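Asker: My structure is below; once you've seen it, I'll send some questions.
Here, each number is a calculation from the coordinates, and none is a lab measurement. Being a predicted model, the structure only gives us computed values, none of them experimental. Using ideal geometry, Cβ is built from the backbone for each residue, glycine included, and neighbour counts are taken over all protein chains shown.
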Amino acid sequence: MKMRKVFVWAAVAVLAASSVSCLKQEAEIFDKPASARLEEYLENVRSLLSSSENGWLLEYYPGTSYAGTVFELKFTEQEVTARHELKLGTKATSGYALKTDAGAVLSFNSYNEVLHQYATPSARLYQAKGGDFEFYITGVEDDLITLRGKRSQNVCYLHRLSESGLEYLQKVNAMEAGLSVAALATTISGGMVEAFLDAGTRLFTIGRKGATADEQVNVRYVMTDKGIKFAHTFTFQGVTFDELVFDAEKEELSGSDIVFTKTIPEGWVSYEGYLGKYTLSYGSGRGTFEVELAQENAGSSFALKGLFPKHEEAYVSIAYSGGRGRLTMLRQVVGSWGSKSMLFAPWDSNEGYYTWVEGVGVIGYVEDASVNNFTIVWEDNGVWSTLGDSNYKVNAWLIVPFDGTSPTDDDTPSDWFFPTGNEQLPGDITLTKKVE
């Protein structure tokens, strides 16, 4: 398990990829060798890509935990022009290639600021967002091309557009703005079922009412001009889910055999409701300092500022779940120190261990949302305890030098200390909103 002991101061198809098999009697069966047939296949794909007058819609799923999203792609025989749903005013053109690599591959092989945004590392995301720029081609139809990312192995789709790509993406944005549901409820087989849409991660969660996290089903989705479409078809309690259509007047999401109505969970807080200044208390009230929850990505994440007094530009990113009205704070890189990164690392201060494994962190919720000066409390998200035979829980945080794979043996430089005066942010952390 990726973790270390720390001591407290005084007070972690390749797809069956059409590997071009060589048949012994190939010459007797085919009039062309396999390599020539594959080249011909790729040229047919090139012609298909460039034949769409309105271009193609790419349903794209980066990594394992980042939101599904859509792009508009317009191909010529040598170049591709891309536009992303969140940046309609930006288009970028670059080259692309169709090649063989244990199968047919579509490669966006020259830099494109739009297409490569999920695959380009940064100081905060040293492994980027797990995005792909090379895809195995696993299925080709006149209006649909199925792809699988070489890096992530995620299935993605190219759909032929029957209208302007810009107009379609504008409808997608309007749909997301209108789909301002907090949570969803329905009845299946006589039992109450609840579901949540997380706009930040584009994750749909469904389970029986009161189900624990391990009893729920989680499926990623993308926005469409009519509602949401799931990354793959799935079945829950005998009901098949592929996509859901939103009725703004009734505030309902429906599939072929199901209708969800909007609900608001107890203790729900809007994105705007969280914005503002807070008093952070740590060490069971041993100390306090001032922080701020500022906008990072509107509607989906916050920047927690004030943790690193000597690096005002540094912050901790906190995800917001619109469905639950809750927060998620995970292990993350927050800046750099020379050639190394600085890691905000989850810590079990009771057991004395910390970890640098991705996905480990805490969930934040409001104790009493009816008051203006509400308090956010945090609880372990359960990921750490699934990594081994231990039962460690995140209740505190450390800031440590990190080489991209694991923490180094360097001491934390003093200019990266928390307001606590060292590299430790002790347990039982709360955030109380200030009323101004």
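Asker: With the calculation restricted to Cα positions, what are the radius of gyration and Dmax of the chain in angstrom?
Answerer: 24.3, 83
Asker: What whole-number value in cubic angstrom gives the convex hull volume per residue for the C-alpha atoms of segment 179-263? List each step's numbers first, then the result.
Answerer: Numbers: hull volume 8.0 nm³, N = 85.
Hull volume normalised by residue count: 94 Å³.
Asker: Quick one: if you stick a label point 7 Å off each Cα along the C-beta vector at ASN372 and ASN173, how many nm between them?
Answerer: 3.4 nm
Asker: Which cross-chain or sequence-distant (5 or more) residues have an amide H under 5 Å from the amide H of GLN295, H modelled 1.01 Å from N in plane?
Answerer: ALA303
Asker: OK, next. So how strong a dipole does the chain carry about its Cα centre when Lys and Arg Cβ are +1 and Asp and Glu Cβ are -1, to the nearest 20 debye? List each step's numbers first, then the result.
Answerer: On the way: 38 positive and 57 negative charges, 121 e Å.
Once rounded to the nearest 20, the dipole reads 580 debye.
Asker: For segment 319-327, just list the computed ³J(HN,Hα) in residue order, Karplus coefficients 6.51, -1.76 and 1.60, θ = phi - 60°, integers in Hz, with x standing in for Gly and Pro.
Answerer: Computed from phi, the couplings for segment 319-327 are 7, 10, 9, x, x, 9, x, 10, 10 Hz.
Asker: Would you work out which of GLN153, GLY103, ILE363 lies farthest towards the positive end of the dipole of the chain, given +1 charges on the beta-carbon of Lys and Arg and -1 on that of Asp and Glu, about the Cα centre?
Answerer: ILE363
Asker: Still on this structure, please answer the following. Stretch GLN216-HIS311 to full length: gain in nm at 0.36 nm per residue minus the Cα-Cα span?
Answerer: Values: separation 95, 0.36 × 95 = 34.20 nm, distance 4.00 nm.
Working it through step by step, the gained length comes to 30.2 nm.
Asker: For a quick check: sort MET175, MET223 by the number of other beta carbons within 10 angstrom, fewest at the front. It would help to have the intermediate numbers written out before the result.
Answerer: Working: MET175 17, MET223 24.
Lowest to highest Cβ neighbour count: MET175, MET223.
Asker: Just to check I understand the Karplus step: with θ = phi - 60° and J = 6.51 cos²θ - 1.76 cosθ + 1.60, what whole-Hz values come out for segment 222-228, glycine and proline as x?
Answerer: Ordered by residue, 3J(HN,Hα) equals 10, 7, 10, 6, 10, x, 10 Hz.
Asker: Okay, moving on. Taking all pairs of distinct Cα atoms, average 1/r, flip it, and tell me the Kirkwood hydrodynamic radius of segment 329-436 in Å to one decimal place.
Answerer: Working: mean 1/r = 0.0669 Å⁻¹.
Final number for the Kirkwood radius of segment 329-436 is 14.9 Å.
Asker: Restricting to Cα pairs below 8 Å that are 6+ residues apart, what does the relative contact order work out to for segment 179-263? Please round to a whole percent. Write down the numbers at each step before the final one.
Answerer: Details: 153 pairs, mean separation 21.3, N = 85.
That works out to 25 percent.
Asker: Across all directions of projection, what mean area in square nanometres is found for the Cα convex hull of segment 52-102? Don't skip to the answer; put the middle values down first.
Answerer: Details: hull surface 19.4 nm².
Value for segment 52-102: 4.8 nm².
Asker: While we're looking at this one, here's another question. May I ask you to compute the full-extension gain from THR432 to ILE264, defined as 0.36 nm times their residue separation minus their alpha-carbon distance, rounded to one decimal in nm? Could you put the intermediate results ahead of the total?
Answerer: Numbers: separation 168, 0.36 × 168 = 60.48 nm, distance 2.26 nm.
My answer for the length gained is 58.2 nm.
Asker: Next up: Suppose the chain between GLU243 and GLN78 were pulled fully straight at 0.36 nm per residue; how much longer would it get relative to their current alpha carbon spacing? Please list the in-between numbers first.
Answerer: Details: separation 165, 0.36 × 165 = 59.40 nm, distance 3.40 nm.
Fully extending the segment from GLU243 to GLN78 adds 56.0 nm.
Asker: Another question, then. If you take the alpha carbon radius of gyration of segment 327-391 and divide it by 2.2 N^0.38 Å, what ratio comes out, to two decimals? Intermediate results must be reported in sequence, preceding the final value.
Answerer: On the way: Rg = 14.6 Å, N = 65, 2.2 N^0.38 = 10.7 Å.
In units of the 2.2 N^0.38 Å rule of thumb, it is 1.36.
Asker: Please list 3J(HN,Hα) in residue order for segment 160-166, calculated via the Karplus relation 6.51 cos²θ - 1.76 cosθ + 1.60 where θ = phi - 60°; whole Hz, with x for glycine and proline.
Answerer: Once rounded to whole Hz, the list reads 5, 7, 9, 9, 3, x, 5.
Asker: Counting helices only, and only those DSSP H runs with n ≥ 4, report the 222 nm mean residue ellipticity of the chain as the sum of -39,500 (n - 2.57) divided by its residues, in deg cm²/dmol to the nearest 500. Present the calculation step by step, with values, prior to reporting the outcome.
Answerer: Values: 4 runs with 40 residues, N = 436.
Calculated at 222 nm, the ellipticity per residue is -2500 deg cm²/dmol.
Asker: By count of other Cβ within 10 Å, fewest leading, how are ASP415, ASP380 ordered? The partial results should precede the final answer.
Answerer: Numbers: ASP415 11, ASP380 18.
Ranking ASP415, ASP380 by Cβ neighbours within 10 Å, fewest first, gives ASP415, ASP380.
Asker: Restricting attention to the alpha-carbon atoms of segment 174-319, what are Rg (one decimal) and Dmax (integer), both in Å?
Answerer: Calculated on Cα positions, Rg and Dmax stand at 18.5, 57 Å.
Asker: So what's Rg/Rh here for segment 379-431, counting alpha carbon atoms and using the Kirkwood radius for Rh? Provide the component values of the computation, followed by the final result.
Answerer: Values: Rg = 13.3 Å, Rh = 13.0 Å.
Taking Rh as the inverse mean 1/r over Cα pairs, Rg/Rh reads 1.02.
Asker: What whole number of Å gives the distance from the Cα centroid of segment 139-169 to the Cα centroid of segment 324-350?
Answerer: Computed from Cα coordinates, the inter-centre distance equals 34 Å.
Asker: Next question. Suppose R0 equals 35 Å. What FRET efficiency, 1/(1 + (r/R0)^6) with r the Cβ-Cβ distance, do LYS87 and LYS250 give to the nearest 0.05? Could you put the intermediate results ahead of the total?
Answerer: Working: r = 32 Å, r/R0 = 0.91.
Efficiency, from the Cβ-Cβ distance: 0.65.
Asker: Which of the GluC sites (Glu not before Pro) found in segment 308-402 are in a DSSP loop and have at most 10 neighbouring Cβ atoms, other than their own, within 10 Å? Walk me through the intermediate numbers first.
Answerer: Working: sites: GLU312, GLU313, GLU351, GLU358, GLU367, GLU379; in loops: GLU312, GLU313, GLU351, GLU358, GLU367.
For GluC sites (Glu not before Pro) across segment 308-402 that sit outside H, G, I, E and B with at most 10 neighbouring Cβ atoms in 10 Å, the list reads GLU312, GLU313.
Asker: Over segment 52-169, consider all pairs of different Cα atoms and compute the Kirkwood hydrodynamic radius from their mean reciprocal separation; express it in Å, one decimal. Could you put the intermediate results ahead of the total?
Answerer: Numbers: mean 1/r = 0.0695 Å⁻¹.
The Cα-based Kirkwood calculation yields 14.4 Å.
Asker: A follow-up question, please. List the residues of segment 88-103 whose backbone N lies under 16 Å from a point placed 7 Å from the Cα of GLU43 along the Cα-to-Cβ direction.
Answerer: Those under the cut-off are 98-100.
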